[in-house]
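S.K.: Below is one structure. I have some questions about it.
The values are calculated or read from the model by the stated rules, or taken from the named source; none is laboratory data. Because the structure is predicted, anything quoted here is derived from the model rather than measured. Please note: Cβ atoms are built from the backbone with ideal geometry, for glycine as well, and neighbour counts cover all protein chains shown. To get the accessible areas, we keep the full protein, side chains included, count just its heavy atoms, and leave off ligands, DNA and RNA. Shrake-Rupley method; radii C 1.70, N 1.55, O 1.52, S 1.80 Å.
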Amino acid sequence: IMPEYYVKFLSFLSLLAAALVRPAGSLAEGVPAHVAISVVAAPPPFPPLRILSTDDVSYVVVDKPPSIACHRSNYIDCSTPDHLEPVPVFQRVRDAFGQRVNLMHRLDRGASDCLLCAFAQGKGDEATAWLAAAFADARAIKTYVALVRWGTVLRGEELRDRGWFTIDRPLKNQEGEERDADTHMKFVAGTDDGAARASIVLCRPRTGRWHQIRKHLNGLSHPILGDSTHGNSATNREWKARGLPGQRLCLHLARIQLPATDVTPGGLDVRCELPEDICAIIRDNLPEVFEEAKGVLAEEGILVGNV
């Protein structure tokens, strides 16, 4: 025979369990009103990722939204509880297809891009190796669009006159080791007139160093808008007042071009138009800059979206 206090304890546990499965705001009958039950709401569901290209066997390219990490890492803000942190793109792709995937490249959390993943089962096991080799090939091209501080003139030089030019400056990685880093750039259009001083720049990194584009643009005194690490705090506050979202880095991987491989015999040429938040910044603050830039953007195969 169980002691009376143990019976009462089991009864309380039963009532408490009933309360936890009831709709929010209600208590199970018999549970004293002073018993506080804290229910943590689940995070809101996220819209499905937009698939830009896939063969359903070897690879998939998705549209990575801004402010969502590619994968979990020590660099993600640990102050946000895991249950409220947006599910990383890597995990969402894996869950959507029901199989393991490998990220073929990475992008900063605040940026947006075409994100290429290789399926890691069956033929996808060799797809990872083939696509990694394609990224390392000299013919591979990743074209980014960046919104940066100030117009296109640097110390009296009109940077647009350079066309495509190369920044060849070694950069340090997270461990402080210096590595060679090359980025091709093209200043497309910009303005120093009025309060909204900014430019549109195309970037094609030839190496994949940590924060490479961000560091190279900052070295030209043209940091990317929204860059809280390598940018300018006053500039970022100014543009947030103009509608720049809080965690947004104005960097977008707009096009990936990879040579042919055994798993992609026709090569890959995937494009992702400028997302609405960047379009809104351009539309509301830099309409004349866009009018000047749209011809060059079209020539480079950049889809501009709703500007």
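S.K.: Scan the stretch 273-294 for residues that are open to solvent by less than 40 Å² (accessible area, probe 1.4 Å) and closer than 19 Å to residue 186 by Cα and jot them down.
M.R.: Residues satisfying the conditions are 274, 278, 282, 286, 289, 290, 293.
S.K.: Right, something else. Mind telling me which of the residues 268, 225 ends up being under 22 Å from the mean Cα position of the chain (by Cα) and within 25 Å of residue 86 (Cα to Cα)?
M.R.: Unique residue meeting the criteria: 225.
S.K.: Continuing with this model, one more query. Within the stretch 174-193, work out how many residues are surrounded by 13 or more Cβ atoms within 10 Å (Cβ to Cβ) and either farther than 19 Å from residue 254 by Cβ or not aliphatic (A, V, I, L, M) (or both).
M.R.: Number satisfying all stated conditions: 9.
S.K.: Select from the stretch 246-266 the residues that are touching a residue at least 60 places away in the same chain (Cβ under 8 Å), open to solvent by 20 Å² or more (accessible area, probe 1.4 Å) and under 20 Å from residue 62 (Cβ atoms) and list them in ascending order.
M.R.: Hits for the stretch 246-266 are 247, 255, 257.
S.K.: Taking the stretch 295-307, which residues are open to solvent by 30 Å² or more (accessible area, probe 1.4 Å) and either free of Cβ contacts under 8 Å to residues at least 24 places away in the same chain or part of a helix (DSSP H, G or I) (or both)?
M.R.: Result: 295, 296, 298, 299.
Residues are listed down the side, and each one gets a yes or a no for (1) assigned to a loop (DSSP other than H, G, I, E, B); (2) farther than 13 Å from residue 56 by Cα; (3) in contact with a strand residue (DSSP E or B) (Cβ under 9 Å, 6 or more places away or on another chain):
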{"position": "96", "(1), (2), (3)": "no, no, yes"}
{"position": "117", "(1), (2), (3)": "no, no, yes"}
{"position": "125", "(1), (2), (3)": "no, yes, yes"}
{"position": "133", "(1), (2), (3)": "no, yes, no"}
{"position": "138", "(1), (2), (3)": "yes, yes, no"}
{"position": "142", "(1), (2), (3)": "no, yes, yes"}
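S.K.: Report the residue count in the stretch 210-238 for those that are modelled with pLDDT of 95 or more and among the aromatic types (Phe, Trp, Tyr).
M.R.: Result for the stretch 210-238: 0.
S.K.: Test residue 212 against the criterion of being crowded, with 19+ Cβ neighbours inside 10 Å and over 30 Å from residue 121 (Cβ atoms), and give yes or no.
M.R.: Judged against the criteria, residue 212 is a match.
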